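Taking it in order: structure first as structure tokens, then the write-up.
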Amino acid sequence: KDNNEGYFGNANVGVGTKERYTAGGSLNQFKNSKQISLSLNANNINRENFNFSMPGGGGRAGGPNAMGRNAGGDASTLNQNGGSGITNLMSAGFNYRNDINKKLTHYGSYVFSNKRNQTISETFQQTFFEDNNNNNTQNVLDTTKGINHRVNYNLEYKLDSNNFIKVSPQFSFR
């Protein structure tokens, strides 16, 4: 049991040209069957930091793969990789897992993301007529914003060594 206790984490910071940045970190605690993780990230380099399509952020596997970056959530209505323009992303995730007893386990996650994508475009059109020319210049600033909350919870009851019942409600709101 003593080998299943401890804290670990990581932190990262990066700075580039044109005011680009990335920063993030995670802190994890394992104590016997209880696992807790917190992850924070921010960047303006068009990069997702969480795997937002991973439902549940855990599962029967337990261990380190159930925690940390696989925080769960859904950002499918936002541009996943930033696409054109510059995407500013701030996100935070929290995971929890604990065995209540030998037959009953519960685990879940909460993820928050705040995303803003900004695209600047300029179009110049020149039309030639017999008597004159027409020049048209169009400048467009397009900003898309999205806030997402995602909550996953799982309750598992082990019937025997091969069978279990699992209840998995999920909530997401924007």
- Over the Cα atoms of segment 86-174, what is the Rg over Rh ratio if Rh follows Kirkwood? 1.47
- Message: Considering only protein heavy atoms and a probe of 1.4 Å, how much of the accessible area of segment 3-53 is carbon and sulfur, as a whole percent?
- Response: 54
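At a Förster distance of 30 Å, what's the computed FRET efficiency of S33 paired with F173, Cβ-Cβ distance as r, to 0.05? Please list the in-between numbers first.
Details: r = 30 Å, r/R0 = 1.02.
My answer for the efficiency is 0.50.
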- Query: Normalised by the residues of segment 88-133, what does the relative contact order come to in percent, with Cα pairs under 8 Å and at least six apart?
  - Reply: 36
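The values are calculated or read from the model by the stated rules, or taken from the named source; none is laboratory data. Note that the structure is predicted; figures quoted are calculated from it, not measured. Don't worry about glycine lacking a Cβ; one is built from the backbone with ideal geometry, like all the others, and counts go over all protein chains shown. For the accessible areas, the whole protein counts, side chains as well, though only heavy atoms, and no ligand, DNA or RNA atoms are used. Shrake-Rupley method; radii C 1.70, N 1.55, O 1.52, S 1.80 Å.
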